[in-house]
1. Name, by its number, the condition in (1) farther than 29 Å from Val42 by Cα; (2) modelled with pLDDT of 95 or more; (3) buried (at least 19 other Cβ atoms within 10 Å of the Cβ) that does not hold for Val155.
2. Select from region 120-143 the residues that are modelled with pLDDT of 90 or more and within 25 Å of Asn43 (Cα to Cα) and write down the one among them that is surrounded by the most Cβ atoms within 10 Å (Cβ to Cβ).
3. Please determine, by comparing only the residues of region 158-173 that are under 15 Å from Leu186 (Cα atoms) and aliphatic (A, V, I, L, M), which one is surrounded by the most Cβ atoms within 10 Å (Cβ to Cβ).
4. Going by what's in this entry, would Trp94 be described as among the hydrophobic types (A, V, I, L, M, F, W, C), crowded, with 21+ Cβ neighbours inside 10 Å and either more than 19 Å from Glu125 (Cα to Cα) or in contact (Cβ under 8 Å) with a residue 24 or more places away in the chain (or both)?
5. Please determine whether any residue of region 163-178 is acidic (Asp, Glu) and modelled with pLDDT under 95.
6. So, in region 40-69, how many residues would count as being assigned to a loop (DSSP other than H, G, I, E, B) and of a type in the set (Phe, Trp, Tyr)?
7. Could you please let me know if Val85 is within 16 Å of the chain's Cα centre (by Cα), within 30 Å of Ala136 (Cα to Cα) and of a type in the set (Val, Ile, Thr)?
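The values are calculated or read from the model by the stated rules, or taken from the named source; none is laboratory data. All of these numbers come straight from a predicted model, not from anything done at the bench. So basically every Cβ, Gly included, is an ideal-geometry build from the backbone, and we count neighbours across all protein chains shown.
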Amino acid sequence: MRSAGRLMLVLACGAAFLAAGLRAAEDSYVDGMADKFSHGIVNAATGWMELPVQIKRGYDRGVPYVKSCAAKRSLGAVTGLGRGVSHTLGRTVWGVWELATFWAPNHTTNADLLLLQDSVYPWEEGIVEPFRCPTAQDGMRRIGMRLERGLDDVVGSPFEILGQTKKAAAEGTCLPGIPKGLYCMLGRLLSGVGDIAFFALPSPVDNLMVPFAEVKPWDAWDGKYRNNLN
């Protein structure tokens, strides 16, 4: 098991730098890895702060349609407690996941999905990300979109090898497409596993590290190059 883990890490890191090609690209990969790693450390270590922060926010917001100020704030603190538990787990788990996958590319953002964290770090005010958005039906749709994205990435990850090789051949460089395809395949697989396994926990709104060049894992095979616009 340890040997397999070391081999995967070596392949992933090697492919990352082979895929970079130019000096500027190498710098972007290194910077992306550093940003994702440091973000993961901070979130994994400070996830517990979400509990008191969300309780206070719930207390300050109160509960609409409750006339009594004391009751409004007390009920708000209770709802904040539930939200605090969810966000504590989400920030901690996603922080650990970022640490484990700091070397892997990912989607640029989760903004159209649910569930989301309120801010980049727990001590920032940020924006309260609601579940309903604006209705429960829409909220469930966005959760379904995360699961769909995860399944697409897991099932379609092998297409990255074929697609990146085809794209490199179209650009006149066949060999670099193979390691890049392997690197993207591993990234797609891990991104999909995260989306499926942790879909019920609030994730960051935006992801760090170098993004996938294409939206879907089979886009490069279909000739839809560099269309990762969101």
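1. Looking at each condition in turn, Val155 falls short on (3).
2. So the residue we want is Pro122.
3. Ile161
4. On the way: among the hydrophobic types (A, V, I, L, M, F, W, C): yes; crowded, with 21+ Cβ neighbours inside 10 Å: yes; either more than 19 Å from Glu125 (Cα to Cα) or in contact (Cβ under 8 Å) with a residue 24 or more places away in the chain (or both): yes.
The answer is yes for Trp94.
5. Looking only at region 163-178, we keep the residues that are acidic (Asp, Glu), and these are 171.
Narrowing further to those that are modelled with pLDDT under 95: 171.
There is at least one residue in region 163-178 that is acidic (Asp, Glu) and modelled with pLDDT under 95.
6. 1
7. no
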